[in-house]
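Notes follow the structure.
The values are calculated or read from the model by the stated rules, or taken from the named source; none is laboratory data. Since the structure is predicted, the reported quantities are computational estimates derived from the model, not experimental observations. Cβ atoms come from the backbone with ideal geometry, glycine included; neighbour counts cover every protein chain shown.
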Amino acid sequence: MDVNYDLLFDLLRYEKNKDDLQALDKSFFSSLIDYLQSKESILLNSQTKPAEREITRIQLNNVKKLIAELYDRREKKIINLALYKIKTGSDIIATGSMLDEEKMFFDSICLVLSKYKSSILDNILDNKMPFAETMAFPEQKARNEPKKLSAIASLRFIKPVPKFLGADLEPYGPYDEQDIASLPRDIAEVLIHKQHAEEIVSDS
């Protein structure tokens with residue numbers, strides 16, 4: 001799936017105009033990241049002309065606004081589906097248009113809504129005092145919570161990289177094959193994605 005500005009604009013338009021959650025390609029997130037990183041690499045390239053860099057910066061800002069609005073609209077639809085499922089008790093909820101991460105979000109919301117409906121409303125209807133407690137998912141949290149990454153990454157270069165300007169307008173490089181350097185993580189991730197370098201991970 002090739003992601004670009006026009007595609008994102010169309011996806012948002014469809015999501016706005018349709019009541020149902022619209023299906024997305026299963027590779028949408030990975031393709032989206034590739035697209036964003038390609039734009040970031042243009043900004044980081046010291047050979048990029050100032051005019052092109054400014055155009056790319058504006059494009060990137062506009063794209064991120066589209067992504068945020070697309071996410072918000074899909075999020076609201078998923079929450080409404082979860083509310084409908086809990087209120088009606090229906091097991092026939094179409095989740096085929098959800099991406100894997102969205103399905104996990106949907107299932108988590110349903111679990112929380114069901115718990116609090118049972119502990120509050122169902123107790124009241126049964127002439128009992130309602131109660132509520134904070135829900136915790138220790139096993140799921142430990143399994144899914146990403147490790148916090150340092151703002152600086154240590155890299156070993158596997159290809160020569162010419163001198164370039166970072167997003168902070170600071171010059172970096174040049175680097176030869178097998179050189180080791182500590183760089184801001186946003187720059188490091190672009191270099192790793194482009195297979196110019198690999199991260200040196202500490203055992204500690």
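Residue by residue through the stretch 3-16, note down the ones that are exposed (fewer than 14 other Cβ atoms within 10 Å of the Cβ) and touching an Asp or Glu at 6+ places or on another chain (Cβ under 9 Å).
Correct list: LYS16 only.
Cβ contacts < 8 Å: first residue not in a helix (DSSP H, G or I), restricted to the stretch 65-92; second residue not basic (Lys, Arg), any location; separation 6+ or different chain. Result?
As it stands, the answer is SER90/TYR84, since those pairs meet every condition given.
Does THR48 satisfy being without any contact (Cβ under 8 Å) to a residue 24 or more places away in the chain, not hydrophobic (A, V, I, L, M, F, W, C), not in a helix (DSSP H, G or I) and not assigned by TED's automatic domain parsing to the domain that holds GLY166?
Yes; evaluated as a whole, the condition is true for this residue.
Residues to consider are LEU24, LEU32; find the one that is at pLDDT 90 or above and part of a helix (DSSP H, G or I).
It is LEU32.
Yes/no per residue for (1) under 18 Å from the mean Cα position of the chain (by Cα); (2) hydrophobic (A, V, I, L, M, F, W, C); (3) surrounded by 14 or more Cβ atoms within 10 Å (Cβ to Cβ):
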| residue | (1), (2), (3) |
| --- | --- |
| LYS18 | no, no, no |
| LEU43 | no, yes, yes |
| THR48 | no, no, yes |
| LEU70 | yes, yes, yes |
| LYS76 | yes, no, no |
| ALA82 | no, yes, yes |
| ILE86 | no, yes, yes |
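One residue is enough: does the stretch 13-32 have a residue meeting the conditions closer than 11 Å to LEU70 by Cβ and free of Cβ contacts under 8 Å to residues at least 24 places away in the same chain?
The answer is yes, given that some residue of the stretch 13-32 is closer than 11 Å to LEU70 by Cβ and free of Cβ contacts under 8 Å to residues at least 24 places away in the same chain.
Run down SER154, SER119, SER97 and say which single residue is closer than 30 Å to LYS194 by Cα and at pLDDT 80 or above.
SER154
What residue, among those in the stretch 157-181 that are surrounded by 15 or more Cβ atoms within 10 Å (Cβ to Cβ) and small (Gly, Ala, Ser), is modelled with the lowest pLDDT?
This residue is GLY166.
For the stretch 20-31, which positions are closer than 19 Å to THR95 by Cα and either among the acidic types (Asp, Glu) or surrounded by 12 or more Cβ atoms within 10 Å (Cβ to Cβ) (or both)?
Matches in the stretch 20-31: ASP20, LEU21, GLN22, ALA23, LEU24, ASP25, SER27, PHE28, PHE29.
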